[in-house]
Amino acid sequence: METLKCSGLGKRYGSTRVFENLNLELEGGHIVGLLGPNGSGKTTLIKLCCGLLTPDAGEIKIGGEKIGPKSKAITSYLPERMALAEWMTAAQAMDYYADFFEDFSRSSATEMIHSLGLDENQSIKTMSKGTKEKLQLILTMSRKAKLYLLDEPIGGVDPATRDYILNTIINNYNPEATVLISTHLISDVEQVLDQVIFLREGKIILQSDVDDLRMERGKSIDEIFREEFRC
Amino acid sequence: MEWNFRNDLPIYTQLMEQLSRAIVSGELLPGAKLPSVRDMAMDAGVNPNTVQRALADLEREGLVFSQRTSGRYVTDDEALIGERKEAMAEEIARQFVDSISSLGLDKEEIIKVIERVRGK
């Protein structure tokens, strides 16, 4: 069964059409790049998959479940912005995740917090932008989910942290789970991906195995992206 | 291991090339146990499916083999490793000869250059 299946998906914001009849299937066991320029619909697609937005048409199923409590129990979402209350400390944020998500592993979160040099007792409001991003990623990846939706996970972090984050994603790899990463920092992530989706104006213009694409075109995914989306 | 990847070529062929090189050079000894797919993926910073694909292809070529329960190993067939070493050396030499011949050097001159650079 597909980990994620979108059928005939439609979404508008007022008179602006984002998706019309979008179809997408993702199998388990892949790390997939969701690539597209600003405004192509990456964040909207992710928000639809985690139930933060409702489609106007069509249907999304995650692990065979319609969007709802059962799908949310197996979907781990990393928002683009800080979504935790700023008064919380890292430890309280872990309590919060442990309360909400049965599949949250406190021990793996604690281990990552220490290896990245974060302080469990620091409150989120006093953290730097990069530290906040690290904390959110740690919480997201410490769930044993079937589908990880990472919206721009490496946007605001330094190169060493970026490597740690990518390693965390590799280490967390599980043949049953799919990781969908939206980003425009393609050259930073392309070695970690095994599939890519190119999104343009709400349409999937390409979905392919990454190495097959390199073989076919003799170019990096970053270069292919630049060609496809030349302004 | 030290890994180096170019993004304009498939990663799995580069993994195969670098692993083959480690095997023929003796950095990975005949019969040596290879790290797990996950550990190799972490070490190289690449997708585990890509590592899996590279190892499966090396297995088809006979350079590595897997034992159902205990993991993957470098072949202990030293004749096969020797053949592969020769093939890789010839490929490198062919590229070198093509490249240096385009400067207009003949065989004697090419050999002289090699001797100068390598030391006799």
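The values are calculated or read from the model by the stated rules, or taken from the named source; none is laboratory data. No experiment lies behind these values; they were computed from the predicted model shown. Glycine also receives a Cβ, built like all others from the backbone with ideal geometry; neighbour counts cover every protein chain displayed. Keep in mind that these areas ignore ligands, DNA and RNA; they rest on the heavy atoms of the full protein, side chains included. Shrake-Rupley method; radii C 1.70, N 1.55, O 1.52, S 1.80 Å.
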Helices (runs of 4 or more DSSP H) wholly inside segment A:146-231 containing at least 2 residues that are surrounded by 21 or more Cβ atoms within 10 Å (Cβ to Cβ), at positive phi and more than 11 Å from every other protein chain (Cβ to nearest Cβ): none
Which numbered condition A:I138 fails, given (1) among the β-branched types (V, I, T); (2) open to solvent by less than 30 Å² (accessible area, probe 1.4 Å); (3) in contact (Cβ under 8 Å) with a residue 40 or more places away in the chain; (4) more than 14 Å from every other protein chain (Cβ to nearest Cβ): (3)
Among the residues listed as B:G45, B:G62, the single one being surrounded by fewer than 18 Cβ atoms within 10 Å (Cβ to Cβ), in contact with a helix residue (DSSP H, G or I) (Cβ under 7 Å, 6 or more places away or on another chain) and farther than 17 Å from B:E83 by Cβ: B:G45
Residue check, A:K47 more than 14 Å from every other protein chain (Cβ to nearest Cβ) and closer than 15 Å to A:I205 by Cα: no
Within segment B:74-91, tally of residues that are more than 19 Å from B:Q14 (Cα to Cα) and surrounded by 14 or more Cβ atoms within 10 Å (Cβ to Cβ): 3
Test: residue in segment A:18-40 that is at pLDDT 95 or above, in a strand (DSSP E or B), surrounded by fewer than 17 Cβ atoms within 10 Å (Cβ to Cβ) and small (G, A, S): no
Tally, over segment B:92-114, of residues that are assigned to a helix (DSSP H, G or I) and open to solvent by less than 80 Å² (accessible area, probe 1.4 Å): 9
Residue within segment A:150-163 that is among the β-branched types (V, I, T), touching a residue at least 12 places away in the same chain (Cβ under 8 Å) and closer than 16 Å to A:S115 by Cα present: yes
Qualifying position, being closer than 26 Å to A:L193 by Cβ, charged (D, E, K, R) and more than 16 Å from the chain's Cα centre (by Cα), among A:K144, A:K129: A:K129
Any hit, segment B:17-40, residues being within 14 Å of another protein chain (Cβ to nearest Cβ), among the hydrophobic types (A, V, I, L, M, F, W, C) and within 27 Å of A:E216 (Cβ to Cβ): yes
Top-ranked residue of segment A:1-17 - restricted to ones that are farther than 19 Å from A:G51 by Cα and assigned to a loop (DSSP other than H, G, I, E, B), ranked as nearest to the other protein chains (Cβ to nearest Cβ): A:M1
Residue identified as within 14 Å of chain B (Cβ to nearest Cβ), touching a Leu at 6+ places or on another chain (Cβ under 9 Å) and touching a residue at least 12 places away in the same chain (Cβ under 8 Å) among A:G33, A:G29, A:G63: A:G33
